């Protein structure tokens, strides 16, 4: 998959606790522990992250085709730290990347926790937009901070992205 002429590879990591919540920890404590784990993800780049009450979604990329194997080390550490069973799904196209990106950030909206994706406290989107501090690096390949219509697309149920692309093709 290429982004701005540079080839990169991506994966969607998701993990679920074995219970209804993160056993014995508040979401704030789990967020802090994830931040510590995600600081050590080099050479994997975190592109999007959302922490929910009993699961997480993480979009990662790397400039090498073996992102899945590289992600396995991160997954093993997360499983050991949090008692999750982490699964890694390859992202095979830019269209798939867009769907995963939107799915991750809309997760709290779909769960009825917030009405706008950027308002969810345990999301890297909030941090990328400068609404809170982020203690681990996130590479936002969508440049949401520079393109407000991307944020509109994330928050829309409809496929606004198609209209954004159509607008770009108009003179």
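Rounded to the nearest 0.05, the FRET efficiency derived from the C-beta distance between residue 115 and residue 27 at R0 = 22 Å is 0.70.
Spin-label model, residue 145 to residue 131: label points 7 Å out along the Cα-to-beta-carbon direction sit 1.5 nm apart. For segment 82-129, the normalised intensity computed at q = 0.22, 0.30, 0.32 Å⁻¹ comes to -0.90, -1.02, -1.05 (log10 of I(q)/I(0), Debye sum over alpha carbons, equal scatterers, no solvent).
No lab work stands behind these numbers, since they all come straight from the coordinates. For clarity, every value in this text was computed on a predicted model and none was experimentally measured. In this analysis, Cβ positions are derived from the backbone assuming ideal geometry, glycine residues included, and neighbour counts consider all displayed protein chains.
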